[in-house]
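Worksheet: one structure, shown below.
The values are calculated or read from the model by the stated rules, or taken from the named source; none is laboratory data. Quick caveat: nothing in here was measured; it's all calculated off a predicted structure. Every residue, glycine as well, gets a Cβ built from its backbone with ideal geometry; the counts of neighbours run over all protein chains shown. Areas reflect the complete protein model, heavy atoms only, side chains present, ligands, DNA and RNA absent. Shrake-Rupley method; radii C 1.70, N 1.55, O 1.52, S 1.80 Å.
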Amino acid sequence: MTLKPILIHPDPRLKKLCDPVPEVTDEIRKLADDMLATMYEAPGIGLAAPQIGVMKRLFVMDCIKDKEATPEPMVLINPEITWSSEETNVYEEGCLSIPDQYAEVTRPAEVRMRWLGIDGKTHEEQFDALWATCAQHEFDHLNGKLFIDYLGPMKRKMITRKMEKLKRERARTPKDPIL
Ligand code: K1U
Ligand code: ZN
């Protein structure tokens, strides 16, 4: 498994509509494995392909936060939202592409999704609580939408400026400098 670098906002690839996956191949299964490894290492509870610069419609998630519990990795390829609840939920969201920034986002409390699994078969499931929030956050990534797009323009601009500064600093100080 290969850990992939995660793109940081602002990046044009995080604003683009991703392409459907035509077929679940070994290449897609390897990509899903790499995405899960990258997500667990970050650490995060979700990761969408465009966050590692792959413009395909798939994401991974595992919302079991307890490190002692059995992991529940999920891979959703070509996901569709087939139903959303009227009832909403507010959650303080974060994003691996917008490090250390959190904001409350209101979304449907429950969603039903249909997708292709790594077995190439169609799956359908209803998600609630954090799973529903995370699935919608990741689904948004596939349509070039970030959680900050739900905020007002002032807050969004402030976070974007902080990320531009972070990217400039990271470019100046590489993570593993050769001494
Ligand atoms: O898509 C991403 O950027 C991943 C993101 C998913 C997410 C978080 C919160 C609400 C909705 C979607 C993250 O995983 S941010 C990191 C995070 O939430 C976390 C990290 C370690 C332990 C528990 C949570
Ligand atoms: Zn995100």
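Would you check if residue 45 is within 26 Å of residue 126 (Cβ to Cβ), more than 15 Å from ligand 2 (Cβ to nearest atom) and open to solvent by less than 90 Å² (accessible area, probe 1.4 Å)? So residue 45 does not fit the description; no.
Pairing residues of segment 119-142 that are closer than 13 Å to residue 81 by Cβ with residues that are small (Gly, Ala, Ser) and part of a helix (DSSP H, G or I), at Cβ distances under 7 Å and at least 6 apart in sequence or on separate chains, gives 127/135.
In segment 30-42, what residues are small (Gly, Ala, Ser) and more than 16 Å from ligand 2 (Cβ to nearest atom)? It would help to see each step written out before you state the result.
Filtering segment 30-42 down to residues small (Gly, Ala, Ser) leaves 32, 37, 42.
Within segment 30-42, 32, 37 meet the criteria.
If you check residue 65 against the conditions, is it over 9 Å from residue 142 (Cα atoms) and among the basic types (Lys, Arg)? Full working, then the answer.
Values: over 9 Å from residue 142 (Cα atoms): yes; among the basic types (Lys, Arg): yes.
In short, yes.
Give segment 106-118 a look and list any residue that's under 16 Å from residue 83 (Cα atoms), part of a loop (DSSP other than H, G, I, E, B) and open to solvent by less than 50 Å² (accessible area, probe 1.4 Å), or say none.
109
Within segment 49-61, at least one residue is in contact (Cβ under 8 Å) with a residue 60 or more places away in the chain, open to solvent by 10 Å² or more (accessible area, probe 1.4 Å) and not polar (S, T, N, Q).
For residue 103, are the conditions met, namely being in a helix (DSSP H, G or I) and either over 20 Å from residue 124 (Cα atoms) or out of contact with any Leu (no Cβ under 7 Å at 6 or more places or on another chain) (or both)? The answer is no for residue 103. Figure legend. Inter-residue proximity from segment 74-87: first residues closer than 20 Å to residue 24 by Cβ and in contact (Cβ under 8 Å) with a residue 60 or more places away in the chain, second residues among the aromatic types (Phe, Trp, Tyr) and open to solvent by 30 Å² or more (accessible area, probe 1.4 Å), beta-carbon distance below 7 Å, spacing 6+ or different chains. Indicated pairs: 79/139.
Given the criterion at pLDDT 95 or above and closer than 17 Å to residue 57 by Cβ, identify the matching residue among 135, 109, 129. From the options 135, 109, 129, the qualifying one is 135.
Scanning segment 85-129 for residues that are over 28 Å from residue 9 (Cα atoms) and either within 16 Å of ligand 1 (Cβ to nearest atom) or of a type in the set (Asp, Glu) (or both) turns up 86, 87, 119, 124, 125. Counting only strands (runs of 3 or more DSSP E) that sit completely within segment 5-93, those holding 2 or more residues that are within 20 Å of residue 128 (Cβ to Cβ) and over 13 Å from the mean Cα position of the chain (by Cα) correspond to 74-84.
If you go through segment 128-159 and keep only what is in contact with a His (Cβ under 7 Å, 6 or more places away or on another chain) and in a helix (DSSP H, G or I), you end up with just 147.
Of everything in segment 62-96, what is more than 20 Å from residue 125 (Cα to Cα), within 14 Å of ligand 2 (Cβ to nearest atom) and surrounded by fewer than 22 Cβ atoms within 10 Å (Cβ to Cβ)? Give them in sequence order. If the condition is that a residue be more than 20 Å from residue 125 (Cα to Cα), within 14 Å of ligand 2 (Cβ to nearest atom) and surrounded by fewer than 22 Cβ atoms within 10 Å (Cβ to Cβ), then 91, 92, 93, 94, 96 are the ones that fit.
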